[in-house]
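Notes for the one structure printed next.
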Amino acid sequence: MTDTLTRARVDLAADARVRADDRGHVFHSWSAQALIDPLPVAGGEGASFWDYAGNTYLDFSSQLVNLNLGHQHPDLVAAIRQQAGRLATIQPALANDVRGELARRISEVAPDGFTKVFFTNGGADANENAVRMARAVTGRRKVLAMYRSYHGNTTTAISLTGDPRRWANEPGDGSVAHFFGPYPYRSPFHSDSPEQETQRALEHLEQTIVLEGAQTIAAIIIETIVGTNGVLVPPPGYLAGVRELCDRYGIVYIADEVMVGFGRVGEWFAFQAFDVVPDLITFAKGVNSGYVPLGGVVIADRIAGHFDTVSFQGGLTYSGHPLACAAGVATFEVFERDGILERVRDLGVRVVEPRLREIARRHPSVGDVRGMGLFWAIELVRDAETREPLVPFNAAGADAAPVAAVAAACKKAGVWPFTHFNRVHVAPPLVIEEDDLVRGLDVIDAALHAADEYL
Ligand SMILES: Cc1ncc(COP(=O)(O)O)c(C=O)c1O
C-alpha cells in the first residue's frame, strides 16, 4: 500500500491529454457519450489504482469483477512478457503449448468427465458458443434464462440476458424465454423461507418448461450466483433441482461462471459449493484476470463426444490466444502457490460477512446483505418493513441519486465501488491485503450515511 501511494502523483498535463483523446475519440459502452466523464487512470498495483490527480482508489469492484489477482500481478505480467518474446500469436487450428496446458489445467479442476475446453475471447462469446453446442447436440433451439441475469453482448448472449440491457437490442435471438429465479429477499413466489423459495422456484421452472414445450428446449443457462443483477446466492437445493429437471426433460444445463468462476467465491467454479454438476461451464474474467481477453466453455465429455465425428460449427481467430493462455497458466500457479481459494473463503467468513451484518444493523437503509467469499451485495431500501428499493429498478438520473451519493462518498474516501440499481457490491481483488479490506468496508460503512439521509 505504501508503495502504491508513493506511485500516485500529480500530472495534470497528462490528465488533460488523456481526457481530450478519450472524450474526443473513444466511443464508450452502454453510455450516452455526452453524459459521461471517464476517470483517466494512470496506473495500478494489487488492489489499488490511481489517477493523474494524486488520488488512489482501493478497487472494490475488481474493475468489472474480472481483476481477481489484482493490478499488475508480477507473475502474470512476467508470463505475458515471456510468451510475447517466444510466440506472440498463433492461429487456432495449430497446436500450442500454453493453450494445451491451460486447457488441461482447467479440466483438472473441473468435475470428472470434463476433459475438453473451447476457448473464446470473453464471456459473451463463451455463452454464445455454449448455446450453439447445446443446440447441435439436442437438435432443439429454445433456451431458457433468468430475468435477473446478464450473459453478455453478442446477439444470443444479449437475448439470454434478462436485465434492461436486452430491451434496446430486441428482437434478437427469438428463441429465448425467461423465467424467475429464486430471490428469497424479494420472493417472486411469496415464499417465507429459503426452502419454500427453492420448491416454488422449481415448480415455476418446470411449468415454464412444460408450457414452452420441453421438446423445443435445448438449454437452460444460469449464473451460478447471479452477479451484476444482485449477488443472488441460490437457496439450498435449487441448483440440484435444476439439474434434475434438465435430466428429466433432456435439456443441457449451462452454468455461466463468467463472473463467479476462478476464485470469486472461494471455489474454482462456484457450482462446486452447491454440489451440482452442469453440462457446459462458461468462464472468462478471472481465468487470467482479464490481462489479455480470454473466455471459454468447459465441455462435458458426453457433449464433446458428439463432436468427435461431427464438425463443430464455430470458431474465432484468437481462440486460445497464447498471451491470454500464458496469463491463465500463471493464474493457476499463483492460485495454487498462494492458496487463493482458501484465502477467499477465510476472508469471506471471518472478515466480510460479520462486518456487513454489523453494517446492516447500523444503517436503516440496508435491507439485506448476502454473498459468499469476496462477492457480496448490500441492498438498500427506503423502508425495512416494506422493502421498497431505495432507488427504483433500472433508475437513472435523479431517481438514482441516493446510490450515486453513496458511490461519490466512497470515491471521496478512496474506494472505487461497484453499484447497480439499489445495491452496492463488495468484490475486491482476491489478493487484497486484509487491512485494506477492513479499511474499504469502513469506508462503505461511513458512505452509507448518505443513503440513510434519504429515508
Ligand atoms: C455472468 C456474466 N456472463 C457473461 C458476461 C459477459 O462477459 P464479457 O463481457 O467478457 O463478454 C458477463 C460480464 O459481465 C457476466 O457477468
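A short reminder: the numbers here are calculations on the coordinates, not readings from a lab. Model, not experiment: these values are computed from the prediction. Here the Cβ positions follow ideal geometry from the backbone for every residue, glycine too, while neighbour counts run over all protein chains shown.
By the count of other C-beta atoms within 10 Å, a proxy for reagent exposure, I340, I90, I281, I251 are ordered fewest to most as I90, I340, I251, I281.
Size descriptor for the stretch 76-338, Kirkwood hydrodynamic radius: 18.7 Å (Cα pairs only, one decimal).
Taken one residue at a time, the phi angles of the stretch 230-246 give Karplus couplings (6.51, -1.76, 1.60, θ = phi - 60°) of x, 6, 8, 7, x, x, x, x, 5, 5, 4, x, 4, 4, 5, 5, 4 Hz. Gly and Pro are set to x.
Per-residue Cβ neighbour counts within 10 Å put T419, T198, T386 in the sequence T386, T419, T198, beginning with the fewest. In a shell of Cβ-Cβ distance under 15 Å around T419, excluding T419 itself, what net charge do Lys and Arg (+1) and Asp and Glu (-1) give? It works out to a net charge of -1. If only the Cβ of Lys and Arg carry +1 and only the Cβ of Asp and Glu carry -1, the dipole of the stretch 76-338 around its Cα centre is close to 700 debye. Cross-link partners of K116 among lysines, defined as those whose alpha carbon lies under 23 angstrom from its own and excluding same-chain residues fewer than eight positions apart: K285.
Fewest-first ordering of C410, C246 by other beta carbons within 10 Å of each residue's beta carbon gives C246, C410. Using alpha carbons only, the radius of gyration of the chain set against its Kirkwood radius gives Rg/Rh = 0.96. In order along the stretch 63-71, phi translates into HN-Hα couplings of 6, 9, 6, 10, 8, 4, 9, x, 6 Hz, rounded to whole numbers, per the Karplus curve 6.51 cos²θ - 1.76 cosθ + 1.60 with θ = phi - 60° and x for Gly and Pro.
The value of relative contact order for the chain, using C-alpha pairs under 8 Å at least six residues apart, is 19 percent. Proximity of backbone amide H atoms, modeled 1.01 Å from N, is registered between L316 and no other residue at under 5 Å, excluding neighbours fewer than 5 places apart on the same chain.
Mean residue ellipticity at 222 nm, helices only, the chain: -11500 deg cm²/dmol; runs of at least 4 DSSP H residues each add -39,500 (n - 2.57), and the sum is divided by the number of residues. Relative to the Cα centre, the charge distribution of the chain, modelled as +1 at Lys and Arg Cβ and -1 at Asp and Glu Cβ, gives a dipole magnitude of about 820 debye. Of V143, F118, L102, whose Cα points farthest to the positive end of the dipole of the stretch 98-143 (charges on the beta-carbon: +1 Lys, Arg; -1 Asp, Glu; origin at the Cα centre)? The one lying farthest along the dipole's positive direction is V143. Separation of the stretch 299-366 from the stretch 102-140 is 14 Å, based on Cα centroids.
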